[in-house]
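What follows is a short report on a single structure.
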Amino acid sequence: MRINFFFLMIISLFFMLSGCGGGDPQGGGSVDAPAEGTLTIGLSSSSITDTSATTTTDTFCCLTVVVKDANDIPLRDVNISIAFPFAVPDSSGMVQLLDGNAKKNSPMSVTTDENGAYYLNFQYKRGGGASFKGDFLVTSGSLSATTTFEVKTEEASTTP
């Protein structure tokens, strides 16, 4: 009788532990993306040109990051890290990463939603001679993806 009880306890523990975790369509805790999965950014690159004399701050909506498993199923609650070289959490920088309305340091750590996605908004400066170019680097586990974001100033043509 004790052996049966012990055996049932071990099997019960096994089933409870197998239900823990995340990174699967049913959810759970936060985990890194599986090595055989995919991590994509929904924008290959973006370039903004502004010839105005005054500096303006705009908000870019939405840089979409999606994590899927090897069967192309979106994974929820997956840890991702998002970095941009000129991002700081205050208005002195050229870029401010936003998590909701909160400005975050770069890199910032977030998790995917129930659709395996994270939607990054960020503020950036343009005009007034502002020029910069950098790559967003998104990583999770051994997976990574990049996209380029550039702001440039071109002087208006003065040819007659």
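The values are calculated or read from the model by the stated rules, or taken from the named source; none is laboratory data. Keep in mind that what you see is a predicted model, and the values were worked out from it rather than measured. Here Cβ is always computed from backbone atoms with ideal geometry, including for glycine, and neighbour counts include all displayed protein chains.
Worth a mention:
- Annotation: of all residues in segment 48-75 being under 12 Å from Tyr124 (Cβ atoms) and surrounded by fewer than 12 Cβ atoms within 10 Å (Cβ to Cβ), the one that is modelled with the lowest pLDDT is Cys61.
- Verdict on Ile82 being exposed (fewer than 15 other Cβ atoms within 10 Å of the Cβ), out of contact with any His (no Cβ under 7 Å at 6 or more places or on another chain) and either free of Cβ contacts under 8 Å to residues at least 12 places away in the same chain or closer than 19 Å to Thr139 by Cα (or both): no
- Qualifying residue in segment 71-79 (condition: closer than 21 Å to Leu39 by Cα, aliphatic (A, V, I, L, M), in contact with a Gly (Cβ under 6 Å, 6 or more places away or on another chain) and in a loop (DSSP other than H, G, I, E, B)): yes
- Residue under evaluation Tyr124, criteria (1) without any contact (Cβ under 8 Å) to a residue 60 or more places away in the chain; (2) farther than 30 Å from Asp72 by Cβ; (3) not acidic (Asp, Glu), criterion not met: (1)
- Checked against (1) over 13 Å from the mean Cα position of the chain (by Cα); (2) small (Gly, Ala, Ser); (3) farther than 17 Å from Ser30 by Cβ, Ser144 passes all but condition (1).
- Which listed residue, of Gly93, Gly127, Gly100, is at pLDDT below 95, over 11 Å from the mean Cα position of the chain (by Cα), surrounded by 13 or more Cβ atoms within 10 Å (Cβ to Cβ) and at positive phi: Gly127
- Just one residue in the set Ser106, Ser91 is within 15 Å of Thr57 (Cβ to Cβ) and either outside any strand (DSSP E or B) or among the acidic types (Asp, Glu) (or both); that residue is Ser91.
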